[in-house]
2 protein chains.
Amino acid sequence: MATIEANPFPYEFDVNHVALVCIDMQRDFCQPGGFAESLGNNIDNVAPCIPVIAELQAAFRTAGLPVIHTKECHKPDLSDLPTAKRNRGNPKVKIGDVGPMGRILIDGEEGSDFIAENAPAAGELVIAEPGKDAFYRTIFHEYLMTRNITNLVITGVTTEVCVQTTMRCANDRGYDCLMVADGTDSYFPEFKEVTLRSVVAQGGIVGWTGTSETILNLLASR
Amino acid sequence: MATIEANPFPYEFDVNHVALVCIDMQRDFCQPGGFAESLGNNIDNVAPCIPVIAELQAAFRTAGLPVIHTKECHKPDLSDLPTAKRNRGNPKVKIGDVGPMGRILIDGEEGSDFIAENAPAAGELVIAEPGKDAFYRTIFHEYLMTRNITNLVITGVTTEVCVQTTMRCANDRGYDCLMVADGTDSYFPEFKEVTLRSVVAQGGIVGWTGTSETILNLLASR
């Protein structure tokens, strides 16, 4: 068993049963000119985690450990898009409409694809998720169970939306999760900071938080 | 259609398709001498929402509208309790052990039952949930779909744990949800306050927040 420093107490895991999860590192959420920026979000706030995730991805790959990617998107025929999600707030440009980089949040379009810095390597699992919880209507849980993965190192954007929702739902399913504090970002720094504290409250009610450095050091020392 | 004032914009719903959801108003979470207090949580912080929820329950019942209750608990044989949840932090008293009010978080025990002020009326749906997301391994979604319920007015404890997790997962499933600001509480007031702001960010990315008064006024005016 490996142990690294973490909040609210050290995080212990078997290196043979851990995976890196990279949530929604998509052009439309992270890149200038994308959908999120067009909605008025400050894209600069999610830039810091990009090189951190790239470093973690490289280290997990070198160690032969799984790297899993999620992307929030919908089928081109919108069959997995709830009406409520499409119409919320009656926006000028809706999911499925043509946006700055193809049809917005549609699988296969330029904007819904991954940014180059954090793109999947050949053979890595990509989960196309229709919601904020990567377990909802996907094979994520079955995939992890089949491979005896018990521990998830979680990164991505945005902290208080898809990242925490997926971590909370992973925790319900019995996974021990560590959110990487410098490997996740939000358009709203306050929401990130409070989310990091709320997931570790009450004795790690949702799991742990830690830094990329401790994980990288551990993997380098093997 | 009815419309009430809400954040980030007015909340519109058909009164024939709305339900009140009361999350985890259980003795062990809300009552002096319960499990949560024994862990060091300040129970006083979750007291304010109790009479508010009682008023909403009475108003929904008078209007003939559904009231749904969740309780976080596990089967007596612990078959639905993930090992990770039981062992997290190696606590002195674990789920399933005998605590201040019977076996901790076990269905049917005194502590896992509802506080008298917010107890279900005869015939109301009670969802025993093994996680923080009331949709995980329960009939909640099927129940709502079968009854054409599209809108959820969400109350309960604690705001940033089971309440927001269930709201986020309801939103993924296409429900338009309103979290009642004075009908939910947390042991940590800051977490409540930030959660209320984060669910309505980005144009209501998870839904709406509003006050019990606007809902009570609407129901009283019918």
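For this structure, a couple of remarks:
- Contact map, segment A:78-103: residues that are on the phi < 0 side of the Ramachandran plot and more than 9 Å from chain B (Cβ to nearest Cβ) paired with residues that are in a helix (DSSP H, G or I) and open to solvent by 30 Å² or more (accessible area, probe 1.4 Å), Cβ distance under 7 Å, separation 6+ or inter-chain. Pairs shown: A:K94/A:R86; A:I95/A:K85; A:I95/A:R86; A:G99/A:S38; A:P100/A:S38; A:M101/A:R27.
- Within segment A:199-214, the residues that satisfy the criterion of being in contact with an Asp or Glu (Cβ under 7 Å, 6 or more places away or on another chain) and surrounded by fewer than 24 Cβ atoms within 10 Å (Cβ to Cβ) are A:G210, A:T211, A:S212, A:T214.
- Candidates A:V153, A:V161, filtered to the one that is of a type in the set (A, V, I, L, M) and at the interface with chain B (Cβ under 10 Å from one of its Cβ atoms): A:V161
- Residue in segment B:145-167 that is without any contact (Cβ under 8 Å) to a residue 24 or more places away in the chain and either part of a helix (DSSP H, G or I) or in contact with a His (Cβ under 6 Å, 6 or more places away or on another chain) (or both) present: yes
- Any hit, segment A:137-147, residues being at the interface with chain B (Cβ under 9 Å from one of its Cβ atoms) and closer than 23 Å to A:H74 by Cβ: yes
- Scanning segment B:86-124 for residues that are charged (D, E, K, R) and under 20 Å from the mean Cα position of the chain (by Cα) yields B:D107, B:E109, B:E110, B:D113, B:E117, B:E124.
- Conditions (1) assigned to a helix (DSSP H, G or I); (2) of a type in the set (A, V, I, L, M, F, W, C); (3) facing chain A (nearest Cβ under 9 Å): number failed by B:A170: (3)
- Any hit, segment A:69-91, residues being among the acidic types (D, E) and assigned to a strand (DSSP E or B): yes
- Taking residues in segment B:36-59 that are assigned to a loop (DSSP other than H, G, I, E, B), and partners anywhere that are charged (D, E, K, R) and at pLDDT 95 or above, the pairs with Cβ atoms closer than 8 Å and at least 6 places apart or on different chains are B:A47/B:D185; B:P48/B:D182; B:P48/B:D185.
Yes/no matrix, rows are residues, columns are (1) facing another protein chain (nearest Cβ under 8 Å); (2) surrounded by fewer than 18 Cβ atoms within 10 Å (Cβ to Cβ):
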position: B:L178; (1), (2): no, no
position: B:T184; (1), (2): no, no
position: B:P189; (1), (2): no, yes
position: B:V194; (1), (2): yes, no
position: B:N217; (1), (2): no, yes
position: B:R222; (1), (2): no, yes
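- Matching residues, segment A:1-58, being in contact with a Gly (Cβ under 8 Å, 6 or more places away or on another chain), farther than 19 Å from A:F188 by Cβ and open to solvent by 40 Å² or more (accessible area, probe 1.4 Å): A:E5, A:N7, A:P8, A:F9, A:R27
- Meets criteria (under 18 Å from B:D185 (Cβ atoms), away from every other protein chain (no Cβ under 14 Å), at pLDDT 95 or above and loosely packed, with under 15 Cβ neighbours inside 10 Å) for B:A116: yes
- Considering segment B:161-180, and only residues there that are aliphatic (A, V, I, L, M) and in contact with a strand residue (DSSP E or B) (Cβ under 6 Å, 6 or more places away or on another chain), the residue that is nearest to B:M1 (Cα to Cα) turns out to be B:L178.
- Residues located in segment B:119-142, provided they are part of a loop (DSSP other than H, G, I, E, B), open to solvent by less than 50 Å² (accessible area, probe 1.4 Å) and among the aliphatic types (A, V, I, L, M): B:A119, B:A121, B:L125, B:A134
- Filtered by the rule that a residue be within 24 Å of B:V200 (Cα to Cα) and surrounded by 17 or more Cβ atoms within 10 Å (Cβ to Cβ), segment A:95-110 gives A:I95, A:G96, A:G99, A:I104, A:L105, A:I106.
- Members of segment B:181-222 that are touching a strand residue (DSSP E or B) at 6+ places or on another chain (Cβ under 7 Å), in a helix (DSSP H, G or I) and hydroxyl-bearing (S, T, Y): B:S212, B:T214
The values are calculated or read from the model by the stated rules, or taken from the named source; none is laboratory data. Keep in mind that this is a model prediction, so the values were computed, not measured. Glycine also receives a Cβ, built like all others from the backbone with ideal geometry; neighbour counts cover every protein chain displayed. Areas reflect the complete protein model, heavy atoms only, side chains present, ligands, DNA and RNA absent. Shrake-Rupley method; radii C 1.70, N 1.55, O 1.52, S 1.80 Å.
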